[in-house]
Each structure stands twice: as C-alpha cells, then as structure tokens.
1. Every cysteine in the chain with no other Cys Cβ under 4.7 Å from its Cβ, please list them in numeric order.
2. So what does log10 I(q)/I(0) come out to for the chain at q = 0.10 Å⁻¹, using the Debye formula with one equal point on every Cα and no solvent?
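What follows draws every value from the coordinates through simple rules; no lab data is involved. Everything numeric here is computed off the predicted structure, so don't read it as measured data. Backbone-built Cβ (ideal geometry, glycine too); neighbour counts: all protein chains shown.
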Amino acid sequence: MVASRSARERKASAEAGPLGSVKIELGADDQFVYKITCAECSVPGNKAGRPDRAWSVYRPGQDNGYMAAMDRWIFHLREKHPDAEAPCLAYLEAAEQRLQEQREQRAKGSDPAV
C-alpha cells in the first residue's frame, strides 16, 4: 500500500527532528516535492526589498526527492547545528556516501543534472 501524502509528511517531520518543518507539495508533474525548513536559520532577502526568509531545502520527487531533501537537511544540521539531535542524523554516513557517488558521476560527465 502506498503511503498518503500526510503520512509521508509526518514520517519526514519525525525524522527531521525539532528544528525541521516538513511540507510536501505536489509538483507540476504530479510528483511529491519535499520542502524542509529550518526553524532557526534564515537566508537574506534580495536588493529589491524582499525580506529574509527561512533556510529551506526544496527537492522534487523525480528521482527520490525524500532522500535528496533529507540528505541536504542532514548536512545543514551537521554544519549549522552540530549539537542538534534528530533521528535522520543516523543516516549521515549513507548521505555522505551518496554525495560522494554523485560527485564521481559528475566528474565522469554522465550526470549533468546533479
């Protein structure tokens, strides 16, 4: 049985820990798009007067949006919140391995989209 959007959102929220807020939207291609927002970090607005906004990762589900978003969130936690605790941090080693594999693919020139 396929998990519902709200069930996926609850699972991702639990994995992200207390600093992460997860929202799953439906993309133009009817695939899930995962957005994880940090409760503490912000990104400066632009020169046109746009205000600061919360740091977030936004990954479509075409390949595996959940894993891509969660990997980026794990790296954000390690870099910006080293003392934070979240269940997803248990997958840090696997996320680093996936990142290394992506870099190797890019170096070979076989994955220009990454």
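1. If one checks each Cβ against the other cysteines of the chain, CYS88 turn up with nothing under 4.7 Å.
2. Treating every Cα as an identical point scatterer, log10 I(q)/I(0) equals -0.34.
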